[in-house]
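Take a look at the structure set out below.
The values are calculated or read from the model by the stated rules, or taken from the named source; none is laboratory data. Just so it is clear, the model here is predicted, and its values are computed rather than measured. Counting neighbours? That spans all protein chains shown, and the Cβs are built from the backbone with ideal geometry, glycine included. We work out accessible area using only protein heavy atoms, side chains counted, and drop any ligands, DNA or RNA first. Shrake-Rupley method; radii C 1.70, N 1.55, O 1.52, S 1.80 Å.
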Amino acid sequence: MYVYPTYHYEDQSYQDRVFPELPGFPGFPGGPQFPGQPGQSPYSQAPTAPPPSFIPQQQQASTFAVDPGAISFCLFRNTFIWLNNGGSFWYYPIFVGPRSVAGFRWNGRFWTFFGIDTRQIRSFTCF
């Protein structure tokens, strides 16, 4: 079980190694862009406000890995994630790949860029 560590959003070389399929980054020329201005970096898509101040109640969890198609409905929305290892946090996803999700994780004070393998997510709910 591996959860990708957080890192400083300026470290794009790390981003390229962890999420090479993430469009609009160096090393992926001609890829589709994120919503917003053409060529705009997804790092500028970070939420400008903190997440809700409550912790939602976890719904019945599945024994199967989270389907990337299901979590894609939470793109650009406040999402609460529960991990297989018991951890949980507020998340703001901006990209869903075949087996990974990239976005911003709330650390209690500010949003940091964060990526995770969808197989490590037990359940999620978005608002």
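Look at the range 44-55: where a residue is over 13 Å from residue 112 (Cβ atoms) and a partner is surrounded by 13 or more Cβ atoms within 10 Å (Cβ to Cβ) and of a type in the set (Val, Ile, Thr), sitting 6+ places away or on another chain with Cβ atoms under 6 Å, you get 45/94. Considering only residues in the range 114-127 that are of a type outside the set (D, E, K, R), out of contact with any helix residue (DSSP H, G or I) (no Cβ under 7 Å at 6 or more places or on another chain) and not in a strand (DSSP E or B), the one that is nearest to residue 79 (Cα to Cα) turns out to be 127. The residue list 112, 6 contains one member that is of a type in the set (Val, Ile, Thr), modelled with pLDDT of 65 or more and surrounded by 13 or more Cβ atoms within 10 Å (Cβ to Cβ), which is 112.
Selection of first residues in the range 66-95 that are within 17 Å of residue 48 (Cα to Cα) and free of Cβ contacts under 8 Å to residues at least 24 places away in the same chain and of second residues that are open to solvent by 40 Å² or more (accessible area, probe 1.4 Å) and assigned to a loop (DSSP other than H, G, I, E, B), restricted to Cβ pairs under 7 Å at least 6 apart or on distinct chains, gives the following pairs, ordered by first then second residue: 93/75.
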